[in-house]
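What follows is calculated from the coordinates using simple rules that are stated; it is not laboratory data. Here the structure is a predicted model, which is why all the values come from computation and not from measurement. As a convention, Cβ positions derive from the backbone with ideal geometry for all residues, glycine included, and neighbour counts pool all protein chains shown.
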Amino acid sequence: MSHIHIDVENVSFGYEKGKEILREISLHASETDSIGIIGANGVGKSTFLKMLVGLNLDFTGSIRIEEIPVEKRTLAQIRSKIGYVFQDSDSQLFMNTAYEDIAFAPRNYGLPEAEVERRVEQALAMTGIGHLREKQIYKMSGGEKKLVSIATILSMTPDIILMDEPSIALDPRNRRNLIRILNSFAHLKIIASHDLDLVLDTCERTVLMSDGRIVKDGRTEEILTDQRLLEEHGLELPLRLQKSYGKNSAHPGGKN
C-alpha cells in the first residue's frame with residue numbers, strides 16, 4: 001500500500017450535543033483516487049473536509065492520514081501532507097501580494113529562500129498566474145483569488161489536496177484552467193462541489209452524501225448518470241447530461 005491514503009472509520013460530528021451533522025461516516029481513499037463529494041446544501045460536505053485537515057476535532061470515530069491520527073498533537077504533521085483550499089478565498093489569503101501569500105507556508109516551514117522562490121515560481125506556472133505574481137490581493141477578482149489560493153497549497157507540494165467548491169467565482173476560462181490543474185495533480189484529491197460537471201471532468205470516484213451520511217460511493221459516471229438517485233437526494237444531472245438526455249427522457253438510472 002502507498003503511504004498516501006486516508007482512512008475514516010465510523011466518524012460522527014455535531015457542533016451541538018445531540019445534533020449530529022455527520023453520522024457514522026466510513027471511507028478509504030488511496031493515492032491514485034480522485035474523489036468528488038456531492039450532495040445538497042447542508043449535508044456536511046464542507047464539515048467533512050474540515051475534519052480531515054483537523055479544523056473540526058470534536059468528532060467520534062477515527063480519522064487517519066497516512067497512518068497519523070487526526071488529533072490536536074498531530075496537526076502540524078497532518079497539515080504538512082494536506083493542502084486545503086477554502087470555499088472562501090478571503091479566509092485563506094492574508095498577505096499583501098500573490099507572491100507573499102504563496103511563499104508564506106514554505107517560509108513558515110523554514111525552507112531556504114532559494115527553495116521558497118523555486119516553489120513559488122513553480123506554483124505560479126502550474127496555475128497559469130505568473131502575471132499575478134506582484135499583484136495586490138485586494139485588487140484581485142474572486143477568480144484570481146481562487147487561483148492564488150490553489151497556488152498557495154501547491155507551493156507545499158502536498159501528498160493530498162482537498163478543495164471546497166473550487167469553481168466558485170471562476171469564469172469559463174479559469175474554470176477550464178482549474179480542471180487542467182486538478183487533472184495534472186498526480187496524487188490523492190478530494191473535491192466537494194455542487195458543480196457536477198466539474199466532478200465529471202476531474203473525479204473518477206464520487207461519494208454522494210445525504211442527511212449526514214454516505215448513501216452511495218462508486219464510479220462517477222455511474223452515479224452522475226443516475227437521474228433517479230440524484231433527484232432523490234436533492235440534485236440534478238450535470239448540465240451537459242441534461243442536454244444529452246433531456247430532462248424527462250429515459251436513460252440508465254433515470255425515470256421512464
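Picking from residues in the stretch 1-38 that are hydroxyl-bearing (S, T, Y) and within 19 Å of the chain's Cα centre (by Cα), the one that is surrounded by the most Cβ atoms within 10 Å (Cβ to Cβ) is S34. Is there a residue being surrounded by fewer than 20 Cβ atoms within 10 Å (Cβ to Cβ), small (G, A, S), under 21 Å from D159 (Cβ atoms) and out of contact with any Leu (no Cβ under 8 Å at 6 or more places or on another chain) anywhere in the stretch 89-104? No - not one qualifying residue is present in the stretch 89-104. Filter the stretch 175-197 down to residues that are of a type in the set (S, T, N, Q) and surrounded by fewer than 16 Cβ atoms within 10 Å (Cβ to Cβ) and give me whichever is nearest to L224 (Cα to Cα). This residue is N183.
For the stretch 130-172, a residue qualifies if it is farther than 19 Å from T97 by Cα, more than 14 Å from the chain's Cα centre (by Cα), in a loop (DSSP other than H, G, I, E, B) and not acidic (D, E), and the qualifying residues are T157, A169, L170.
Condition check ((1) buried (at least 22 other Cβ atoms within 10 Å of the Cβ); (2) closer than 20 Å to L49 by Cα; (3) in contact with a Ser or Thr (Cβ under 6 Å, 6 or more places away or on another chain); (4) not hydroxyl-bearing (S, T, Y)) across all residues:
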residue: R173; (1), (2), (3), (4): no, no, no, yes
residue: M209; (1), (2), (3), (4): yes, yes, no, yes
residue: R213; (1), (2), (3), (4): no, yes, no, yes
residue: G218; (1), (2), (3), (4): no, yes, no, yes
residue: E222; (1), (2), (3), (4): no, no, no, yes
residue: D226; (1), (2), (3), (4): no, no, no, yes
residue: L229; (1), (2), (3), (4): no, no, no, yes
residue: E232; (1), (2), (3), (4): no, no, no, yes
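Here K189 meets the list (1) over 19 Å from G42 (Cβ atoms); (2) part of a helix (DSSP H, G or I) almost entirely, failing just condition (2). Within the stretch 92-121, the only residue that satisfies the criterion of being among the polar types (S, T, N, Q) and under 21 Å from the mean Cα position of the chain (by Cα) is Q92.
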